[in-house]
Amino acid sequence: MIRWIHFFTAVVILTCLTGCQTPTSSPDDLTIQVDGGLISGTPVGSDGQIRAYKGIPYAAPPVGGLRWKPPQLAKGWDGVRETHQFSPVCPQPGSASVATQEQSEDCLYLNVWTGASSSDERRPVMLWLHGGGLIRGSGSRATEDGAALARKGAVLVTINYRLGPLGYLAHPELTAESEHNSSGNYGLLDQIAALQWVQRNIASFGGDPNRVTIFGVSSGAFSVCYLVATPLAKGLFHQAIGESAGGGAFKPMAHLKDDRLGVGSAEAIGVRFAAALEADQGGSALEVMRGKTAQEIIDTSAANRTRLRANVDGWVFSDQVYEIFARGEQNDVPVIVGSNANDGTLLLRPGQTFSQQDYQESAREKYEHFSDEFFALYPVGSDEEAREAFLGEARDGTFTWQMRTWARTMKTVSSEAYLYFFSRVPPRPERETWGSYHTAEIPYVFNNLDAMDWTFEDTDFQLSRMMSDYWLNFASTGDPNGEGLPLWVPYRLEEEAYMHFGDTVEPGSDGFLTREVDFFDRYFTWRRSR
């Protein structure tokens with residue numbers, strides 16, 4: 001079977017053999033041609049002006065011998081394929097958000113919402129990468145439904161991609177069988193395959209393949225950062241938006257084979273995982289692992305707290321993402337990046353308590369000769385201060401520093417960076433505890449406040465309108481500014497301008513949380529030098 005990364009020419013030839021004209025569609029004509037055959041969608045809303053196409057295959061099911069291989073071309077079908085329902089979500093640990101959803105390794109599908117009446121319209125395309133720590137999530141969450149942004153003029157795409165050990169496991173036997181001498185990074189290769197599908201097919205939905213914006217939150221945001229960094233995604237998108245890239249790409253990454261920067265090798269993690277699966281009893285560990293069920297693999301990963309990320313493999317990544325950006329070798333596209341005022345509350349465990357002594361000891365061990373400076377910024381003189389220090393450290397070191405670093409490293413290329421800070425506290429239960437929590441901005445960006453069973457105020461609806469306008473303007477032109485919106489000035493190291501999305505929308509300058517984020521700059525510079 002032809003590998004996905006290399007089959008573009010074959011698809012172009014096949015498409016032209018079946019007629020190179022892109023079918024024109026209208027709200028009354030729900031059937032269009034894509035790779036593989038004809039699909040039919042469904043009208044959305046009372047006026048039927050928006051059409052949704054759910055569960056479109058963009059790659060072959062990664063099962064059996066295709067488990068832990070790059071995505072490959074999906075097979076075609078006869079007749080008209082109904083794309084009226086979301087596909088199963090990719091295998092993942094249980095959570096309330098996926099408890100009622102079917103899971104399957106056969107999950108490499110995407111969804112499209114469009115209001116275009118003709119393939120000639122060439123509307124801006126926005127492809128969403130969901131969050132979930134690279135272990136959970138899907139492209140079918142209600143708050144990330146694409147109909148509202150499609151009604152405002154976008155062609156909106158959401159996708160599933162492989163997660164956890166099925167998406168990011170590296171292992172010496174996987175490396176040995178790879179033509180690129182690489183393993184891991186399969187979830188990221190899925191995202192690249194989806195972007196390739198968009199390039200070939202999005203015009204059928206009235207989208208412009210030359211105006212594609214990738215955007216995502218949390219691990220979806222550092223997936224966006226990964227895509228900006230890898231040469232394999234060059235030319236597949238033209239703008240990028242990263243929202244609260246928690247724990248993301250600018251911290252030290254694992255290398256495929258070597259322990260570096262205080263991080264163990266990706267292959268070593270894979271060997272330990274194979275042992276936990278009892279796949280190291282002689283013979284081929286890979287054969288045994290491919291014989292395990294997806295549930296066995298997910299359960300083993302959860303039981304052993306195996307956390308996997310993209311790795312520096314020499315193919316997808318030639319170096320640490322930080323170093324790629326520092327040398328100006330990333331894809332040169334404009335970006336919007338930002339974080340939330342209370343991102344750190346994400347890391348609170350139910351019923352978690354804090355001890356002044358325990359927190360001081362753990363901080364001194366972690367920060368070593370930086371610990372006195374850390375305590376000056378985050379005092380820990382009581383158990384309550386330990387809690388506040390935990391939340392501040394989590395917000396600034398895990399989220400705020402990542403996003404400012406991203407904005408700062410854009411100075412190495414010609415494209416602009418636009419930085420934001422989100423502080424609006426949504427009316428969720430226990431809002432005093434959670435504040436402007438991690439991912440709080442999602443329904444505002446998607447203009448989907450109605451999807452939440454909360455009592456929103458006029459301020460919320462106004463904020464949602466403005467944020468979705470900024471995002472769509474950016475997807476249209478590479479500049480978020482537009483009529484009726486406060487001027488959003490690009491980020492510059494000298495002024496550190498940003499847009500503040502709070503109870504009001506207004507520009508800020510001279511940075512935010514500057515002392516705290518400067519501290520983490522020095523700390524991570526030291527970490528990279530070890």
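In the stretch 476-499, the residues that are under 15 Å from Ile336 (Cβ atoms) and without any contact (Cβ under 8 Å) to a residue 12 or more places away in the chain reach residues that are surrounded by fewer than 14 Cβ atoms within 10 Å (Cβ to Cβ) and of a type in the set (A, V, I, L, M) with C-beta atoms within less than 8 angstrom, at least six apart or across chains, in these pairs: Asn481/Leu487.
For Ala99, the criteria (1) at pLDDT below 95; (2) buried (at least 24 other Cβ atoms within 10 Å of the Cβ); (3) not β-branched (Val, Ile, Thr) hold in every case but one, which is (2). The condition of being aliphatic (A, V, I, L, M), buried (at least 17 other Cβ atoms within 10 Å of the Cβ), at pLDDT 95 or above and over 18 Å from Phe524 (Cβ atoms) does not hold for Leu308.
So if I check each of Gly338, Gly328, which one is part of a strand (DSSP E or B) and touching a residue at least 24 places away in the same chain (Cβ under 8 Å)?
On the way: Gly328 fails: part of a strand (DSSP E or B).
After ruling out the rest, the residue left standing is Gly338.
Scanning the stretch 216-258 for residues that are among the charged types (D, E, K, R) and closer than 17 Å to Tyr322 by Cα turns up just one, Lys251.
Looking at the structure I just gave you, is Gly207 surrounded by 24 or more Cβ atoms within 10 Å (Cβ to Cβ) and touching a Lys or Arg at 6+ places or on another chain (Cβ under 7 Å)?
Details: surrounded by 24 or more Cβ atoms within 10 Å (Cβ to Cβ): yes; touching a Lys or Arg at 6+ places or on another chain (Cβ under 7 Å): yes.
The answer is yes for Gly207.
If the requirement is being surrounded by 14 or more Cβ atoms within 10 Å (Cβ to Cβ) and not aromatic (Phe, Trp, Tyr), which of these qualifies: Arg327, Arg424?
On the way: Arg327 fails: surrounded by 14 or more Cβ atoms within 10 Å (Cβ to Cβ).
One residue alone meets the criteria, Arg424.
Of all residues in the stretch 219-260, those that are out of contact with any helix residue (DSSP H, G or I) (no Cβ under 6 Å at 6 or more places or on another chain) and aliphatic (A, V, I, L, M) total 5.
If you take the residues in the stretch 474-498 that are of a type in the set (D, E, K, R) and under 13 Å from Ser415 (Cα atoms), which one is nearest to the chain's Cα centre (by Cα)?
Taking the stretch 474-498 as the starting set, the residues that turn out to be of a type in the set (D, E, K, R) are 479, 483, 492, 494-496.
From what is left, the residues that are under 13 Å from Ser415 (Cα atoms) are 479, 492.
Working: Asp479: 21, Arg492: 25 Å.
Among those that are of a type in the set (D, E, K, R) and under 13 Å from Ser415 (Cα atoms), it is Asp479.
Within the stretch 15-63, being surrounded by 13 or more Cβ atoms within 10 Å (Cβ to Cβ) and at pLDDT below 50 holds for Thr15, Thr22, Pro23, Thr24, Ser25, Pro27. Scanning the stretch 212-245 for residues that are part of a loop (DSSP other than H, G, I, E, B) and small (Gly, Ala, Ser) yields Ser218, Gly235, Ser244, Ala245.
Gln360 fails exactly one of the following numbered conditions: (1) more than 24 Å from Trp526 (Cα to Cα); (2) out of contact with any Pro (no Cβ under 6 Å at 6 or more places or on another chain); (3) polar (S, T, N, Q). What is the number of that condition? Evaluating Gln360 over (1) more than 24 Å from Trp526 (Cα to Cα); (2) out of contact with any Pro (no Cβ under 6 Å at 6 or more places or on another chain); (3) polar (S, T, N, Q) leaves (1) as the failure. Residues of the stretch 302-318 include at least one that is part of a loop (DSSP other than H, G, I, E, B) and in contact with a Pro (Cβ under 7 Å, 6 or more places away or on another chain).
Of all residue pairs spaced 6 or more apart or on separate chains, those with beta-carbon atoms under 8 Å, a first member in the stretch 39-65 that is assigned by TED's automatic domain parsing to the domain that holds Gly146 and a second member that is part of a loop (DSSP other than H, G, I, E, B) and among the β-branched types (Val, Ile, Thr) are Ile39/Thr83; Ser40/Thr83; Gly41/Thr83; Tyr53/Thr83; Lys54/Thr83; Gly55/Thr83; Ile56/Thr83.
Quick grid of which residues meet (1) touching a strand residue (DSSP E or B) at 6+ places or on another chain (Cβ under 8 Å); (2) aliphatic (A, V, I, L, M):
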| site | (1), (2) |
| --- | --- |
| Tyr420 | yes, no |
| Pro429 | no, no |
| Leu463 | yes, yes |
| Tyr470 | yes, no |
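Beta carbons closer than 6 Å, at least 6 apart along the sequence or on distinct chains, pair a first residue in the stretch 203-232 that is in the same structural domain as Asp120 (by TED's automatic domain parsing) with a second that is of a type in the set (Lys, Arg) for Gly206/Arg123; Gly207/Arg123; Asp208/Arg122. Take the conditions (1) on the phi < 0 side of the Ramachandran plot; (2) assigned to a loop (DSSP other than H, G, I, E, B); (3) not hydroxyl-bearing (Ser, Thr, Tyr); Val125 misses just one of them, which is (2). Residues in the stretch 175-188 that are crowded, with 24+ Cβ neighbours inside 10 Å and part of a helix (DSSP H, G or I): Tyr186, Gly187, Leu188. Among the residues of the stretch 391-404, the one identified as surrounded by fewer than 24 Cβ atoms within 10 Å (Cβ to Cβ) and of a type in the set (Val, Ile, Thr) is Thr398.
Screening Ser414 against (1) without any contact (Cβ under 8 Å) to a residue 24 or more places away in the chain; (2) closer than 26 Å to Phe250 by Cβ leaves a single unmet condition, (1). When Arg272 is tested against (1) assigned to a helix (DSSP H, G or I); (2) surrounded by 16 or more Cβ atoms within 10 Å (Cβ to Cβ); (3) over 22 Å from the mean Cα position of the chain (by Cα), just one condition goes unmet, and that condition is (2). Could you tell me which numbered condition Met403 fails, if it satisfies all but one of (1) closer than 16 Å to Gly242 by Cβ; (2) in the same structural domain as His255 (by TED's automatic domain parsing)? Met403 satisfies all of (1) closer than 16 Å to Gly242 by Cβ; (2) in the same structural domain as His255 (by TED's automatic domain parsing) except (2). Just one of the listed residues (Glu384, Glu457, Glu441) is surrounded by fewer than 23 Cβ atoms within 10 Å (Cβ to Cβ), closer than 18 Å to Thr345 by Cβ and either of a type in the set (Ser, Thr, Tyr) or assigned by TED's automatic domain parsing to the domain that holds Phe370 (or both), namely Glu384.
The values are calculated or read from the model by the stated rules, or taken from the named source; none is laboratory data. None of the values given here were measured: they were computed from a predicted structure. When we count neighbours, we look across all protein chains shown, and the Cβ atoms used for this are built from the backbone with ideal geometry, even at glycine.
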